[in-house]
1. For residue A:45, only one of the following conditions fails: (1) within 10 Å of the chain's Cα centre (by Cα); (2) within 16 Å of residue B:98 (Cβ to Cβ). What is its number?
2. Give, as residue ranges, the strands (runs of 3 or more DSSP E) completely inside segment A:1-100 that count at least 3 residues that are away from chain B (no Cβ under 14 Å) and over 27 Å from residue B:37 (Cα atoms).
3. Taking segment A:1-51, which residues are surrounded by fewer than 18 Cβ atoms within 10 Å (Cβ to Cβ), of a type in the set (D, E, K, R) and in contact (Cβ under 8 Å) with a residue 24 or more places away in the chain?
4. When you go through (1) more than 10 Å from chain B (Cβ to nearest Cβ); (2) farther than 19 Å from residue B:95 by Cβ one by one for residue A:107, which number turns out not to apply?
5. Restricting attention to segment B:59-71, does a residue exist that is within 14 Å of chain A (Cβ to nearest Cβ), of a type in the set (A, V, I, L, M, F, W, C) and surrounded by fewer than 16 Cβ atoms within 10 Å (Cβ to Cβ)?
6. Looking at residue A:49, is it more than 19 Å from residue B:4 (Cβ to Cβ) and hydroxyl-bearing (Ser, Thr, Tyr)?
7. Enumerate the strands (runs of 3 or more DSSP E) found wholly within segment B:1-68, keeping only those where 1 or more residues are under 20 Å from residue A:104 (Cβ atoms) and of a type outside the set (Ser, Thr, Tyr).
8. Restricting to segment A:73-88, what's the tally of residues that are surrounded by fewer than 17 Cβ atoms within 10 Å (Cβ to Cβ) and not aliphatic (A, V, I, L, M)?
Amino acid sequence: GAVVSQHPSWVICKSGTSVKIECRSLDFQATTMFWYRQFPKQSLMLMATSNEGSKATYEQGVEKDKFLINHASLTLSTLTVTSAHPEDSSFYICSAQQGAGTGELFFGEGSRLTVL
Amino acid sequence: GENVEQHPSTLSVQEGDSAVIKCTYSDSASNYFPWYKQELGKRPQLIIDIRSNVGEKKDQRIAVTLNKTAKHFSLHITETQPEDSAVYFCAAHYGQNFVFGPGTRLSVLP
């Protein structure tokens, strides 16, 4: 299957700092990428849908000013957690859709964020 | 919007037995249904999928069935092995998004 790479896989930061997570589709162009947050033993919670060249669509309850998403190219989307606090500690996963419509969805490795 | 339910939330089977996980969806416009396997601390991996123009699909020990009328689809794993132990998520493609079920934690006991 297609490859989606996410970086960093693990990050620890101090409260109040910002953290950027990158999501890259390595062997295909992804018009649409998705960002999820996953709490322990729970399902994937969609945070936002990122479309190349346009503003991200955020799910209800997700603060767009806190979770900045940029999808500047067909192979890269970034999620920046601004002014991170301990409650932002979580497992963040991106996914990229191969092709339009009902193209297959492939996930990055995930990034575990710990805010001290 | 779309709503996906998944049952059971946990499932334990003996090695060699079959496992079945069922999902229901609410919006008849959904037309693509993938299944993902997620091991602890790792990314979800696509294991099988089915599109709405097909009723059943099989790949070795894994099969998926789809009943569009009833709006439900199921994952079947035969001859289970300990390495099948993981969390399984179903999903329905709705509009631009994929809506995921809450997951099923499968434990295959040796």
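The values are calculated or read from the model by the stated rules, or taken from the named source; none is laboratory data. Fair warning: this is a prediction, and the values are worked out from it, not measured in the lab. So basically every Cβ, Gly included, is an ideal-geometry build from the backbone, and we count neighbours across all protein chains shown.
1. (1)
2. Filter on segment A:1-100 gives A:67-73.
3. A:14, A:20, A:22, A:27
4. (1)
5. Among the residues of segment B:59-71, not one is within 14 Å of chain A (Cβ to nearest Cβ), of a type in the set (A, V, I, L, M, F, W, C) and surrounded by fewer than 16 Cβ atoms within 10 Å (Cβ to Cβ), which makes the answer no.
6. Judged against the criteria, residue A:49 is not a match.
7. Answer list for segment B:1-68: B:4-7, B:19-25, B:32-38, B:45-51, B:56-59, B:62-67.
8. Qualifying residue count, segment A:73-88: 7.
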